[in-house]
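All of the numbers you see were taken from the coordinates with simple rules; none came from a lab. Bear in mind that the values here come from a model prediction, so they are computed numbers and not experimental data. Ideal geometry is used to build each Cβ from the backbone, glycine not excepted, and the neighbour counts take in all protein chains shown.
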Amino acid sequence: MGANTVLRTSSGSFAAGFGAVLHSHRRSNIARRVMLAAAGSVLVFSVPAFSQTHPQCPPVPNLEVSSNSVDTKAALDAVSKRLASIGLGINVRTTRDNILKDNPRADQLVIVLTMANMLCEMVWSDTTLSGAEKAARFQSMMQDVYSRALGPEPVARTDKPPHSRRDGQADLLALASANASKVIRVSETVSGNVPPEAQTGFLRDPPFYVNDFNKYFVIVGSARTRTDGLRLMSDLKSKAPQYDFALYEPYGDNPNYGVMMASWVSRDDAIEALRLARRDVAPDAYLWACRGSGQSC
């Protein structure tokens, strides 16, 4: 199956553009080396600088029919056109951010994964680069395309360890349980080359680009110290086990840790989470939003 055939599951015009990009960077039949994993899988790239092996590129997700599918398709077309016109000389972070800025309602995950796939294929099919050069360029581009916006940092969640933006740094992450006396500590090395996963629910990871559709939080409590914050989060989980919560570090001028019931969501989702929070968790829960946009909250 050729790369263009696979991409038609998302958009015919996008597939055609992708084909043009690959054609301009190929001198051999690279199509039969395209390896796409099932959508939603998580791939961890570990590419030594001396490696000449073509890694498995990030999978191209299907463009699902949804309220923002038209916006997402427009953004995909923009990705295709810009990569076709600029090629590997592209500034990955700037190009990605400009496309996300121009298409604020587009599905950011679909855009990022598709762009990562295209860049991956372009790098590893370029016969002018050595194996070491391909590996270095590949890792640099993946780190840029997967980089997330700066903002409030989670230190613990009741459902899973939080993701950190400290790429390559081993960090002890706390996973709080419903039992206030029990805190599971997880040692996790975060890699900048791990493709992001689709997310559901009120607690989201930081977006790739902050805009009006992903900048809202619902705060259900605060604490002066991390220990008190973990205890409060655990107490709230015991009180309302049907919901999950996250403890965030102090941010900006606020010296307190904050317990969130919603993070990085749209205003509509935040209002719904706030309604539930005031009914079931904390009557004084409130809405908070990033003041900035783009690369930082």
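Among 87-100, 219-232, the peptide with the highest mean count of other Cβ atoms within 10 Å heads the list, and the full ranking is 219-232, 87-100.
For the pair residue 293 and residue 238, the difference between a 0.36 nm per residue extended length and the Cα-Cα distance amounts to 16.3 nm. Neighbour counting of Cβ atoms within 10 Å sorts the residues 238, 80, fewest neighbours leading, into 238, 80. If the chain linking residue 279 and residue 88 were pulled fully straight, counting 0.36 nm for each residue of separation and taking away their Cα-Cα distance, it would gain 63.5 nm.
Computed on the Cα atoms alone, the convex hull of the range 248-296 gives a volume of 85 cubic angstrom per residue.
Between residue 224 and residue 127, the simple spin-label model (points 7 angstrom out along Cα→Cβ) gives 7.0 nm. Fewest-first ordering of 233, 260 by other beta carbons within 10 Å of each residue's beta carbon gives 260, 233.
By per-residue mean of other Cβ atoms within 10 Å, what is the highest-first order of 56-62, 132-138? Can you show the working numbers first?
Working: 56-62: 21.3, 132-138: 18.0.
Highest mean packing first, the order is 56-62, 132-138.
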